[in-house]
């Protein structure tokens, strides 16, 4: 390979000499080829801006079976492909919803028996999911399909202070930043990070964090499968852990009256956004399962009835459905690991069947 010629000017001669020397080095040539290949790949990714998040390689990105934000990111962007025009159920909430319900495939089986037709179920629940992340997932998923959108609610969620939300913008857990997240952040008075308009650059942190596991998964051929039942079979908290968590819960719930209005507002914005955009979804607010012992020890007798009244009032105002099987006392302490996470198969079956019974008219 001949070096490029840059003319007789001293600077041109210097460049010609540099390339002549460089081309005699196989290492430099290999490096140049690798650099060009990398730049070409980067260009291809920026042209097809969602390749990383939607392409065949997405199966290798999760760090492990409990990397639920990676799984939720991909699933939210593939709802349309999963639905294929059929009415679909999309679940958006925290781990307590995921652990309360049976896996998506089991819910689909129960729906098939009840409805006599297929109804795909897409679970976008993630541990510690914030209002920002919920808004982002819904903004991504809702325009792609139709059906029943189920949002998890709880007295704990309505009591949260929201002090960590700015950190979630600065260190995002989802594989995308979208207008749903930005709109919600602005409504909450948070500083929205500037966007470059290039998917890979705007979401680089998500992929950098997962790069080592991505390479390891590729080399071993491992495609992690999301574990939706991380509490199943774990039994119950010991007495010390229970006492500690109950005190934490009581402290958190003490802020309910002070924080309810701010915490219900994201749900109001989601419901109204769906209506304003004429998206064909029935919105259901599902109360997560609550350990009756925790309610008795962490709250007074009037607390939970007042919460239920607040949620029913909200749904009456906004035209959504509120579902709560806890007052029927179908679940017992033995079904729970802690105050909200079910650890028994029977408990999950009871809660799932009650949920499906309660929303039968909306399906």
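The values are calculated or read from the model by the stated rules, or taken from the named source; none is laboratory data. Keep in mind the model is a prediction, meaning the values are calculated, not measured. All Cβ positions, glycine included, derive from the backbone under ideal geometry; neighbour counts span all protein chains shown.
General observations
- Among the residues listed as 147, 127, 100, the single one being touching a residue at least 24 places away in the same chain (Cβ under 8 Å) and closer than 20 Å to residue 81 by Cβ: 147
- When the residues of region 150-165 are filtered to those that are under 17 Å from the mean Cα position of the chain (by Cα) and free of Cβ contacts under 8 Å to residues at least 60 places away in the same chain, the one that is surrounded by the fewest Cβ atoms within 10 Å (Cβ to Cβ) is 164.
- The residues of region 260-275 that are surrounded by fewer than 16 Cβ atoms within 10 Å (Cβ to Cβ) and closer than 12 Å to residue 142 by Cβ amount to a single one, 275.
- Qualifying residue in region 107-124 (condition: out of contact with any strand residue (DSSP E or B) (no Cβ under 9 Å at 6 or more places or on another chain), in the same structural domain as residue 262 (by TED's automatic domain parsing), assigned to a loop (DSSP other than H, G, I, E, B) and on the phi < 0 side of the Ramachandran plot): yes
- Test: residue in region 276-289 that is buried (at least 17 other Cβ atoms within 10 Å of the Cβ), in the same structural domain as residue 154 (by TED's automatic domain parsing), assigned to a helix (DSSP H, G or I) and touching a residue at least 60 places away in the same chain (Cβ under 8 Å): no
- Breaking point among (1) buried (at least 21 other Cβ atoms within 10 Å of the Cβ); (2) assigned to a helix (DSSP H, G or I), for residue 175: (2)
- Residue in region 249-259 that is touching a residue at least 12 places away in the same chain (Cβ under 8 Å), over 30 Å from residue 347 (Cα atoms), in contact with a helix residue (DSSP H, G or I) (Cβ under 7 Å, 6 or more places away or on another chain) and surrounded by 14 or more Cβ atoms within 10 Å (Cβ to Cβ) present: yes
- Some residue of region 331-340 being surrounded by 14 or more Cβ atoms within 10 Å (Cβ to Cβ) and within 22 Å of residue 148 (Cα to Cα): no
- Region 81-103 - residue that is touching a strand residue (DSSP E or B) at 6+ places or on another chain (Cβ under 7 Å) and surrounded by fewer than 20 Cβ atoms within 10 Å (Cβ to Cβ) and, of those, farthest from residue 284 (Cα to Cα): 82
- Top-ranked residue in region 293-328 [being modelled with pLDDT of 95 or more and either not assigned by TED's automatic domain parsing to the domain that holds residue 148 or not in a helix (DSSP H, G or I) (or both); ranked as surrounded by the fewest Cβ atoms within 10 Å (Cβ to Cβ)]: 302
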